[in-house]
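Okay, so here's the structure we're looking at.
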Amino acid sequence: MSKFYAIIIILLLFTTSSNAQNPHGLDLNSDCASCHSPEGWTISLDTFHFNHDTFNFKLDGQHLNVDCKTCHTSLIFNEAPSDCISCHLDIHGMSVGNDCVRCHNTNFWLVDNIPQLHEENGFPLVGNHSNLACVDCHISDSNLRFDRIGNDCVNCHLQDFENTVNPDHEAGGFSMDCIECHRLDGTDWSSENIDHSFFPLTKGHDIQDCKRCHLTDNFSDASPLCIDCHLQDFESTTEPNHQNLDFSTDCMQCHTTDPDWRPAEFKEHDNLYFPIYSGEHQGEWDACVDCHKDPNNYASFTCIQCHTDPETTEEHEGVTGFVFEDKACLACHPTGNADNEFDHNQTNFPLTGEHLEVDCLDCHTNGFAGTPTNCIDCHEIDFMATLNPDHEVLNISTDCVNCHTTNPEWMPATFDIHDDFYILKGAHAVIKDDCIACHQGDYNNTPN
């Protein structure tokens with residue numbers, strides 16, 4: 001038993017002695033043979049590089065040629081720092097931080113990603129900024145400090161702002177945020193590089209003289225409304241006469257910024273009035289006056305200027321109520337489509353009886369919108385002229401449907417409320433519709 005314990009003690013002493021002799025410190029637990037060979041302690045570069053890459057500092061670029069002792073000043077390897085600044089002098093004076101790899105790599109110190117770095121920091125180098133040297137903006141005694149100067153334009157261009165007199169930026173209360181007006185990708189301060197996206201300067205508005213629209217030094221008071229610049233154009237236009245026709249002063253309803261106001265289109269015509277840019281009439285006209293013959297009243301129009309007779313009448317042979325009139329055309333063809341004619345029976349006033357034989361314009365004397373549907377509005381003369389019985393004297397209701405249908409000559413006529421005070425039944429049933437048989441013209445003193 002004592003011999004066994006002696007062996008254990010010897011092994012422990014050997015292990016302790018072995019660890020104590022490890023020149024690389026207690027934290028390096030790798031097998032010695034992973035780096036060294038029985039022939040000696042010398043380590044081949046291939047083995048050294050392979051093992052070094054397994055740690056958190058890969059050897060590449062210029063680090064491949066550095067003597068180990070340059071970084072590892074002692075044999076305890078984990079004492080060697082891994083941050084750049086511990087080995088490399090910061091010639092930028094901490095103006096760009098201490099993480100060299102943000103700009104440099106291990107091959108050389110030259111920086112080839114300056115545009116990317118600026119974009120990551122919110123200041124893309126475009127336009128005139130793309131041609132500047134770093135020291136043009138980052139001014140220092142050594143030309144090696146790159147202190148942050150901020151992304152606001154005025155940090156560099158305050159003097160430009162204060163010296164500008166056409167227009168005077170200070171007097172005009174202009175914003176010091178230059179990119180509100182000037183393009184980042186521009187090469188100078190000229191009007192060509194003004195960012196006018198809030199009021200696009202296209203086609204007819206593509207002018208270089210700001211003073212043509214900005215009449216004062218205060219550029220913020222220029223009106224964006226068309227009519228404020230083009231009132232004279234509006235008032236002098238006679239074909240068509242915009243004033244007489246009460247056209248909107250919002251020029252954009254018909255015009256673009258094309259020079260000479262052409263082409264002009266009123267696309268809302270399709271929704272508000274009649275499809276002319278779509279449907280059957282698309283491309284069938286050239287100018288407003290093709291349909292609107294009265295230059296002073298565009299509420300009037302003509303269909304029969306193009307849809308002439310006798311062809312049009314012949315096409316409508318057998319159509320009840322057809323009249324060769326402009327208003328009648330629109331009433332039956334509200335979308336201009338011959339297959340989409342107006343169906344009166346789909347309205348709240350279906351045509352039956354005598355109404356089937358009436359011309360449309362006999363009822364629609366003032367157009368088709370708002371035509372009354374009360375009988376008396378069309379038949380007041382009939383009501384007043386009827387004497388047997390005298391509707392007016394007897395104070396009979398003007399709601400004709402109480403007694404009449406749409407049958408011709410108002411017959412037969414029924415007075416159903418008669419049963420409320422004298423029921424017509426039995427022998428009297430046969431004279432129910434013959435008022436004169438009993439009343440003999442006197443409806444107030446009818447014999448019993």
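The values are calculated or read from the model by the stated rules, or taken from the named source; none is laboratory data. Values in this document were obtained by computation on a predicted structure and should not be read as measured data. Heads up, the Cβs are rebuilt from the backbone with ideal geometry, glycines too, and the neighbour counts pull from every protein chain shown. With ligands, DNA and RNA removed, areas are computed over all heavy atoms of the protein, side chains included. Shrake-Rupley method; radii C 1.70, N 1.55, O 1.52, S 1.80 Å.
Filter segment 182-194 down to the residues that are open to solvent by 50 Å² or more (accessible area, probe 1.4 Å) and in a loop (DSSP other than H, G, I, E, B), then identify the one that is nearest to D217 (Cα to Cα).
That would be W189.
Within segment 246-265, does at least one residue satisfy the condition of being assigned to a loop (DSSP other than H, G, I, E, B) and more than 29 Å from the chain's Cα centre (by Cα)?
The answer is yes, given that some residue of segment 246-265 is assigned to a loop (DSSP other than H, G, I, E, B) and more than 29 Å from the chain's Cα centre (by Cα).
Name every residue in segment 118-133 that is farther than 16 Å from W189 by Cα and surrounded by 13 or more Cβ atoms within 10 Å (Cβ to Cβ), in order of residue number.
Of everything in segment 118-133, those that are farther than 16 Å from W189 by Cα and surrounded by 13 or more Cβ atoms within 10 Å (Cβ to Cβ) turn out to be H118, E119, F123, P124, L125.
Mind checking whether some residue in segment 81-89 is part of a loop (DSSP other than H, G, I, E, B) and either in contact (Cβ under 8 Å) with a residue 24 or more places away in the chain or touching a strand residue (DSSP E or B) at 6+ places or on another chain (Cβ under 7 Å) (or both)?
Yes, some residue in segment 81-89 is part of a loop (DSSP other than H, G, I, E, B) and either in contact (Cβ under 8 Å) with a residue 24 or more places away in the chain or touching a strand residue (DSSP E or B) at 6+ places or on another chain (Cβ under 7 Å) (or both).
S30 passes all but one of (1) at pLDDT 50 or above; (2) open to solvent by less than 50 Å² (accessible area, probe 1.4 Å); (3) small (G, A, S); which number fails?
Looking at each condition in turn, S30 falls short on (2).
Considering every residue within segment 211-228, establish whether at least one is at pLDDT below 85, within 27 Å of the chain's Cα centre (by Cα), polar (S, T, N, Q) and in a helix (DSSP H, G or I).
Scanning segment 211-228 turns up at least one residue that is at pLDDT below 85, within 27 Å of the chain's Cα centre (by Cα), polar (S, T, N, Q) and in a helix (DSSP H, G or I).
Could you identify the single residue in S197, S175 that is without any contact (Cβ under 8 Å) to a residue 24 or more places away in the chain and either open to solvent by 60 Å² or more (accessible area, probe 1.4 Å) or not in a loop (DSSP other than H, G, I, E, B) (or both)?
Answer to the selection: S197.
Here is a list: T256, T238, T308. Which entry is out of contact with any Ser or Thr (no Cβ under 6 Å at 6 or more places or on another chain), among the β-branched types (V, I, T) and surrounded by 14 or more Cβ atoms within 10 Å (Cβ to Cβ)?
T256
Can you pull out every residue in segment 407-421 that is modelled with pLDDT under 75 and exposed (fewer than 11 other Cβ atoms within 10 Å of the Cβ)?
D416, I417, D420, F421
Mind listing whichever residues of segment 137-156 are more than 35 Å from the chain's Cα centre (by Cα) and either open to solvent by 90 Å² or more (accessible area, probe 1.4 Å) or farther than 24 Å from G97 by Cβ (or both)?
Hits for segment 137-156 are I139, D141, R148.
Mind listing just one residue for me: the one in segment 149-166 that is touching a residue at least 24 places away in the same chain (Cβ under 8 Å) and assigned to a loop (DSSP other than H, G, I, E, B) and, of those, nearest to V111 (Cα to Cα)?
N151
Inspect segment 278-291 for any residue being among the β-branched types (V, I, T), in a loop (DSSP other than H, G, I, E, B) and surrounded by 12 or more Cβ atoms within 10 Å (Cβ to Cβ) and give the result as yes or no.
Among the residues of segment 278-291, not one is among the β-branched types (V, I, T), in a loop (DSSP other than H, G, I, E, B) and surrounded by 12 or more Cβ atoms within 10 Å (Cβ to Cβ), which makes the answer no.
Do any residues in segment 101-122 that are over 14 Å from C134 (Cα atoms) have Cβ atoms under 7 Å from those of residues that are part of a loop (DSSP other than H, G, I, E, B) and not aromatic (F, W, Y), where the two are at least six apart or on different chains, and which pairs are they?
Going by the 7 Å Cβ cut-off, the qualifying pairs are H104/V111; T106/D60; G122/N151.
Could you please find all residues in segment 331-380 being of a type in the set (S, T, Y) and touching a His at 6+ places or on another chain (Cβ under 8 Å)?
Scanning segment 331-380 gives a single hit, T371.
Among the numbered criteria (1) part of a helix (DSSP H, G or I); (2) among the charged types (D, E, K, R); (3) at pLDDT 90 or above, which one does K327 miss?
Unmet for K327, out of (1) part of a helix (DSSP H, G or I); (2) among the charged types (D, E, K, R); (3) at pLDDT 90 or above: (3).
May I ask you to list the residues in segment 280-310 that are closer than 27 Å to N345 by Cα and out of contact with any Asp or Glu (no Cβ under 8 Å at 6 or more places or on another chain)?
The answer is E280, H281, H307.
Do you know which residues across segment 342-374 are surrounded by 13 or more Cβ atoms within 10 Å (Cβ to Cβ), part of a loop (DSSP other than H, G, I, E, B) and among the acidic types (D, E)?
Within segment 342-374, just D359 meets the criteria.
Take the conditions modelled with pLDDT of 80 or more, surrounded by 14 or more Cβ atoms within 10 Å (Cβ to Cβ) and within 30 Å of T302 (Cα to Cα) and apply them to H404. Does it pass?
Criteria not met by H404.
Please find, within segment 312-336, the residue that is farthest from S278 (Cα to Cα) out of those that are open to solvent by less than 50 Å² (accessible area, probe 1.4 Å), of a type outside the set (A, V, I, L, M, F, W, C) and without any contact (Cβ under 8 Å) to a residue 60 or more places away in the chain.
G321
Can you tell me which condition E409 does not meet? The list is (1) farther than 30 Å from S278 by Cβ; (2) not aliphatic (A, V, I, L, M); (3) not in a helix (DSSP H, G or I), and all the others hold.
(3)
How about segment 43-74: which of its residues are modelled with pLDDT of 80 or more, open to solvent by 100 Å² or more (accessible area, probe 1.4 Å) and part of a loop (DSSP other than H, G, I, E, B)?
Matches in segment 43-74: K58, T73.
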